[in-house]
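The structure appears below as structure tokens.
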Amino acid sequence: VGTSVGRPRLVALSTKILLFSDGGANNLVARALDPAAPGTAISGGGSTVLATNYNAYYDVVRVPGADTAVVAARRVTTTSYSILKVTAALAVTAATPARTCDGPIAISVEPTGTNIQIVRANGTNIQGDLVSVSALADVFTAQAVGTAAGTPVNQIAAAHRSVQNGGAYRCYAFWSAQESSSSATWVSKSNF
């Protein structure tokens, strides 16, 4: 893929495998790999799916029942983040909510494929936003997911249960903060 790229992620869709990576120069790029001939899409620079505003942290998952992936990405100016729908043909639909994401960001899609749960760092607050897959429109914003022991928040992960609890699919979030090579005092937390 190249020596100047980082943070690769693979997402298997129905017809293609999407390879996302940091393309350098604040660009997030993707390649659509044909499972029958995966080497054909590896050459070249890939297709830019988020140009000049991407800032190191992103997460990507498949939309159940669709040949599409969704991406949440922190932006250079951390007073907003980007949400992208990326098809197997690398067509992109984007939204940019004006909500702070100054650390990691995670994404999960309900098993029905209807809504996206985004979990993001905002200082020591871990907040969630529920967004519709179809229009990338807000359903709920600034959900209080939890707090971190301090900054920096190092990791956030999110995943939905495949069965309902009380008529809803729970999204579980996990995060850690204050990790360092010289200290074992960092704390991992979770909530749903």
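The values are calculated or read from the model by the stated rules, or taken from the named source; none is laboratory data. All figures in this text were calculated on a predicted structure; none of them were measured in a lab. Note that each Cβ is placed from the backbone with ideal geometry, even for glycine, and that neighbours are counted across all protein chains shown. To get the accessible areas, we keep the full protein, side chains included, count just its heavy atoms, and leave off ligands, DNA and RNA. Shrake-Rupley method; radii C 1.70, N 1.55, O 1.52, S 1.80 Å.
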Margin query: If a residue must be among the polar types (S, T, N, Q), open to solvent by 30 Å² or more (accessible area, probe 1.4 Å) and part of a loop (DSSP other than H, G, I, E, B), how many such residues does segment 71-105 contain?
Written below: 5
Note to self: If ASN27 meets every condition in (1) open to solvent by less than 50 Å² (accessible area, probe 1.4 Å); (2) at pLDDT below 85; (3) within 26 Å of THR77 (Cα to Cα) apart from one, which number is that one?
What the structure shows: (2)
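Hey, does segment 32-46 have a residue that's charged (D, E, K, R), in contact (Cβ under 8 Å) with a residue 40 or more places away in the chain and either in contact with a strand residue (DSSP E or B) (Cβ under 9 Å, 6 or more places away or on another chain) or open to solvent by 30 Å² or more (accessible area, probe 1.4 Å) (or both)?
Residues of segment 32-46 charged (D, E, K, R): 34.
Among the residues that remain, those that are also in contact (Cβ under 8 Å) with a residue 40 or more places away in the chain are: none.
No, segment 32-46 has no match at all.
Output yes when any residue across segment 146-169 is over 20 Å from THR100 (Cα atoms), in contact (Cβ under 8 Å) with a residue 60 or more places away in the chain and in contact with a Ser or Thr (Cβ under 7 Å, 6 or more places away or on another chain), and no when none is. Explain how you work it out, then say what you get.
First pass over segment 146-169, keeping only residues over 20 Å from THR100 (Cα atoms): 159-169.
From the residues that got through so far, the ones that are in contact (Cβ under 8 Å) with a residue 60 or more places away in the chain too are none.
Within segment 146-169, not a single residue is over 20 Å from THR100 (Cα atoms), in contact (Cβ under 8 Å) with a residue 60 or more places away in the chain and in contact with a Ser or Thr (Cβ under 7 Å, 6 or more places away or on another chain).
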Check: If you go through segment 146-162, how many residues are among the hydrophobic types (A, V, I, L, M, F, W, C) and over 7 Å from ALA177 (Cα atoms)?
Finding: 4
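Anything in segment 12-34 that is assigned to a strand (DSSP E or B) and of a type outside the set (A, V, I, L, M, F, W, C)? List them, or say none. I'd like the intermediate steps shown before the answer.
Going through segment 12-34, the residues assigned to a strand (DSSP E or B) turn out to be 12, 17-22, 28-34.
Matches in segment 12-34: SER21, ASP22, ARG31, ASP34.
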